[in-house]
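Participant: One structure follows; several queries about it will come next.
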């Protein structure tokens, strides 16, 4: 009987912990995961962190020592992500993911943006991987039980990332280049406005559609921006309409506007063959 009991105890001990997990009660995490995100202009900024509570403990200079590197949260180091380039502390920060650390003191905090996003706490932290170090001032606030990140005072030019816990807030200004980004977007969009009309003309050409409408689309495209492609589409339309003279002129224009793209290299042979028939 003793041997049977001993075997049963050994068998139970050998079972993986997961076998009992389903029977364990679900309880709140001491420092639950949290996330905050804001779109600032055209830039998405996201902070993922674990939020410890005060729980009646002395925080600053005690639980969080002064003059020491802090993960600015609990568990894995707090992570901040930028969908586009930003500016922090007067320094450019390329789009991407980073760890966010701080070094608190009673009178000032150093906020650090670091390239390594796989750190658990501060273990393995390397100052050489810092992208930005900037100093901010703490201010007094009403008591806040859990560490919280908040975006405030946001506009198209930037935002303020507030870090609040216990009775302290520090704010990290973040600038974005919305005007430059919008200007670039406008330029890129307008530079390609010729394409829809050219493609519409090509579709009508290829599907035996109304050639007069196709020619009007091609001319509209050329009026916006003449390229080898829309001139070649126009040449083909004119050739199909029997207007060889104008078709040859459009094909020659297309060849003169050629570029180094593979598409032009492919079609240029067709243009030269067509010219032989139209001239």
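Read the figures in this text as sums done on the coordinates, not as results from a lab. Worth saying up front: this structure is predicted, and the values here are computed from it rather than measured. Note: ideal-geometry Cβ built from the backbone for every residue, glycine included; neighbour counts use all protein chains shown.
Participant: Output the direction-averaged projected area (hull surface divided by four) of the convex hull of the alpha-carbon atoms of the chain, in nm².
Facilitator: Computed as one quarter of the Cα hull surface, the answer is 28.7 nm².
Participant: Once R0 is set to 35 Å, what does the formula 1/(1 + (r/R0)^6) return for the Cβ-Cβ distance between residue 199 and residue 127, expressed as a FRET efficiency to the nearest 0.05?
Facilitator: Efficiency at R0 = 35 Å is approximately 0.05.
Participant: Once both axes come from the Cα atoms, what is the angle between helix 178-191 and the longest principal axis of the chain, in degrees from 0 to 90, rounded to 10?
Facilitator: Compared with the principal axis, the helix lies near 30 degrees.
Participant: I'd like the Kirkwood hydrodynamic radius of segment 192-278, using the inverse of the mean 1/r over distinct C-alpha pairs, in Å.
Facilitator: Taking every pair of different Cα atoms in segment 192-278, averaging 1/r and inverting gives 12.5 Å.
Participant: If you don't mind, there's one more thing I want to ask. Report the Cα centroid-to-centroid distance between segment 100-174 and segment 33-70 in angstrom, as an integer.
Facilitator: 7 Å
Participant: GNM on the chain, C-alpha springs below 10 Å: top fluctuator among 101, 264, 151?
Facilitator: Most flexible of the set in this elastic network: 264.
Participant: Mind checking the angle between helix 244-256 and the chain's longest principal axis? C-alpha axes, 0 to 90 degrees, to the nearest 10.
Facilitator: Value to nearest ten degrees: 40.
Participant: With springs connecting C-alpha atoms under 10 Å apart, model the chain as a Gaussian network and identify which of 44, 155, 192 has the largest mean-square fluctuation.
Facilitator: In the Gaussian network model the winner is 192.
Participant: Using just the Cα positions, wrap segment 28-177 in a convex hull and report its mean projected area in square nanometres, one decimal place.
Facilitator: 8.4 nm²
Participant: Now a separate question. Test of understanding: extend the Cα→C-beta vector of residue 225 to 7 Å, then name every residue of segment 175-189 with backbone N under 18 Å from that spot.
Facilitator: Answer for segment 175-189: 181-189.
Participant: Right, next: Please give the contour-minus-distance gain from residue 85 to residue 55: 0.36 nm per residue of separation, less the Cα-Cα distance, rounded to one decimal in nm.
Facilitator: So the extension gain works out to 7.0 nm.
Participant: Mind pulling the angle between the C-alpha long axis of helix 228-240 and the longest principal axis of the chain? Nearest 10 degrees, somewhere in 0 to 90.
Facilitator: Once rounded, the angle reads 40 degrees.
Participant: Return the FRET efficiency for the residue pair residue 68, residue 24: r is the Cβ-Cβ distance, R0 is 25 Å, and the value is rounded to the nearest 0.05.
Facilitator: The pair residue 68/residue 24 has a calculated efficiency of 0.10.
Participant: If you take the beta carbon distance between residue 134 and residue 213 as r and set R0 to 45 Å, what does 1/(1 + (r/R0)^6) give as a FRET efficiency, to the nearest 0.05?
Facilitator: The computed FRET efficiency comes out at 0.15.
Participant: Can I ask one more? Only Cα pairs within less than 10 Å get springs; with that Gaussian network setup on the chain, which residue of 25, 142, 104 has the largest fluctuation?
Facilitator: Ranking 25, 142, 104 by mean-square fluctuation puts 25 first.
Participant: Once you place label points 7 Å from the Cα toward the Cβ at residue 34 and residue 261, how far apart are they in nm?
Facilitator: The answer from the label model is 5.0 nm.
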